[in-house]
Amino acid sequence: MPPRELSKDLVRVLKSLKLGRLIPVLPERLRQARERRMDPEDALLMVLQDEVQRRQRVRLINRAARAGLSPTLVFDEWDVTAQITYDRRLLDELRTLNFVERHHHILVAGPVGVGKTMLAHALGHLAIQRGLSVHLSTADKLFNRLKGSRLDATHELELRRLIAVDLLIIDDLALRALDDMETADLYELVTARHRKGSIIVSSNRTPDEWLPMLADPLHAQALVDRFSNNAYDLLIDGESYRKRQKPSLGTAAS
């Protein structure tokens, strides 16, 4: 039996109650309820549960977007067959997010293209799903924003926002040397979040390799010591994922 078309009065009432998103799926749900001879209360519950779940999905999507997370970089897309090596037991433990509760950090380190950024985003998505606050930014964008905030006297406010989130993710740290302002900002973030908030850093370099890339030797030693001694090291090695995405005649559309 095909689903019946909703009456105009019902459509009007649904819209007035801000339940217009139910309109496309409601005819099918009502058809199922009739065929199953469901109790009206059970049928109503089924329909409203659909809407609750939809709103929860939308909230998660919006929170992830505000956090700077890519919608495609999630664990469901992680390729376990990739030719890379890493500590799988450690990654399983990190996915529990116990490190956030304990205010520990994570270093995701390895060569270009092995999935560091994807893991950082994927852990951020898990944190969003647990109701935690997250902010992700590449190192360059983060430092540029903090530099710009000095011009309009919002620098302290920006730092407080970054310090306040449950999980701060800095992607691609130490691709280049940091200047005095950038080193000072990184020092401030690492120091303020020490034992108070978690940081995930993805980098092609390990912390001992950061030292010569930071402008102030004293700040460099202090922030590297605080971060390193409070961080899990997830080291990845192997071939770049991007090799699989390289176009060829065999994959070209005919």
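None of the figures in this text is laboratory data; all of them are computed from the coordinates on show. What you see is a predicted model; the values in this text were computed from it and never measured. Here Cβ is always computed from backbone atoms with ideal geometry, including for glycine, and neighbour counts include all displayed protein chains.
Secondary-structure-derived ellipticity at 222 nm for the chain, considering helices only, amounts to -15000 deg cm²/dmol, per-run term -39500 (n - 2.57) for DSSP H runs with n ≥ 4. Expressed in Å, the radius of gyration and Dmax of the Cα atoms of the range 1-59 are 11.7, 35. Taking Lys and Arg as +1 and Asp and Glu as -1, the other residues whose beta-carbon sits under 14 Å from that of L211 total -2. Farthest towards the positive end of the charge dipole of the chain, among the residues L6, S16, L234, is the Cα of L6, using unit charges on the Cβ of Lys, Arg, Asp and Glu.
For the chain, the pair-distance distribution built from all alpha carbon pairs, in bins 10 Å wide starting at 0, is 6, 24, 25, 17, 14, 10, 3, 0 percent. Positive end of the dipole of the chain (Cβ unit charges, origin at the Cα centre): among A120, S133, Q83, the Cα lying farthest that way belongs to S133.
For L6, no residue has an amide H sitting under 5 Å from its own, ignoring neighbours fewer than 5 places away on the same chain, with H placed 1.01 Å from N.
Label the range 90-138 by shape, choosing from rounded, prolate and oblate, from the square roots a ≥ b ≥ c of the eigenvalues of the Cα gyration tensor; if a/c is under 1.5 it is rounded, and otherwise prolate applies when a/b is larger than b/c, oblate when it is not. Prolate, since a/c reaches 1.5 and a/b exceeds b/c. Taking Cβ atoms as reference points and 13 Å as the exclusive limit, the residues near L73 contribute a net charge of -3, counting Lys and Arg as +1 and Asp and Glu as -1. Model label sites at S70 and R102, defined 7 Å from Cα along the beta-carbon direction, differ in position by 3.0 nm. Taking square-rooted eigenvalues a ≥ b ≥ c of the alpha carbon gyration tensor, is the range 124-179 rounded, prolate or oblate, where a/c under 1.5 means rounded and, failing that, a/b exceeding b/c means prolate? Here the range 124-179 falls in the oblate category.
Using the Cβ-Cβ distance between N229 and M181 with R0 = 41 Å, the FRET efficiency computed as 1/(1 + (r/R0)^6) comes to roughly 0.95. Taking every DSSP bridge with both residues inside the chain, close to 10 percent are antiparallel.
Gain on full extension, evaluated as 0.36 nm per residue between M213 and L45 minus their Cα-Cα distance, stands at 54.6 nm. Any idea what log10 I(q)/I(0) is at q = 0.11, 0.15, 0.16, 0.18 Å⁻¹ for the range 1-145, Debye with uniform C-alpha scatterers and no solvent? The calculated log intensity ratios at q = 0.11, 0.15, 0.16, 0.18 Å⁻¹ are -0.65, -0.86, -0.91, -1.03. The Cα center of the range 26-72 and the Cα center of the range 195-236 differ in position by 43 Å. With each label modelled as a point 7 angstrom along the Cα→C-beta vector, the L6-D152 pair spans 4.1 nm.
Kirkwood hydrodynamic radius computed over the range 202-242 comes to 11.6 Å, based on all pairs of distinct alpha carbons.
Close amide H pairs (under 5 Å, H built 1.01 Å from N) link R205 with G110, residues at least 5 positions away or on another chain. Of the peptides 88-95, 50-57, the ranking by mean beta-carbon count within 10 Å, highest at the top, reads 88-95, 50-57. Go ahead and run the numbers for FRET between R34 and V13, Cβ-Cβ distance against an R0 of 22 Å, rounding to 0.05. That pair, R34 with V13, gives E of 0.65. Across the range 167-183, rounded Karplus estimates of 3J(HN,Hα) from the backbone phi angles (6.51 cos²θ - 1.76 cosθ + 1.60, θ = phi - 60°) give 9, 9, 10, 10, 9, 6, 6, 6, 5, 9, 5, 9, 7, 4, 5, 5, 5 Hz, Gly and Pro being marked x. In order along the range 115-130, the phi-based Karplus estimate (6.51 cos²θ - 1.76 cosθ + 1.60, θ = phi - 60°) of 3J(HN,Hα) comes to x, 4, 4, 4, 5, 4, 5, 4, 5, x, 4, 4, 5, 4, 5, 8 Hz; Gly and Pro are listed as x. The residues packed around R176, meaning those with a beta-carbon under 13 Å from its beta-carbon, carry a net charge of -4 if Lys and Arg are +1 and Asp and Glu are -1.
For the range 47-62, the Karplus equation 6.51 cos²θ - 1.76 cosθ + 1.60, evaluated at θ = phi - 60°, returns couplings of 5, 5, 5, 4, 5, 4, 5, 4, 5, 5, 4, 5, 4, 5, 4, 5 Hz by residue, with Gly and Pro reported as x. Candidates L146, L173, V47 compared by Cα position along the dipole of the chain: farthest toward the positive end lies V47, with charges placed on Cβ.
Around the amide H of T138, modelled in the peptide plane, lie the amide H atoms of D171, all under 5 Å away and 5 or more residues distant in sequence or on another chain.
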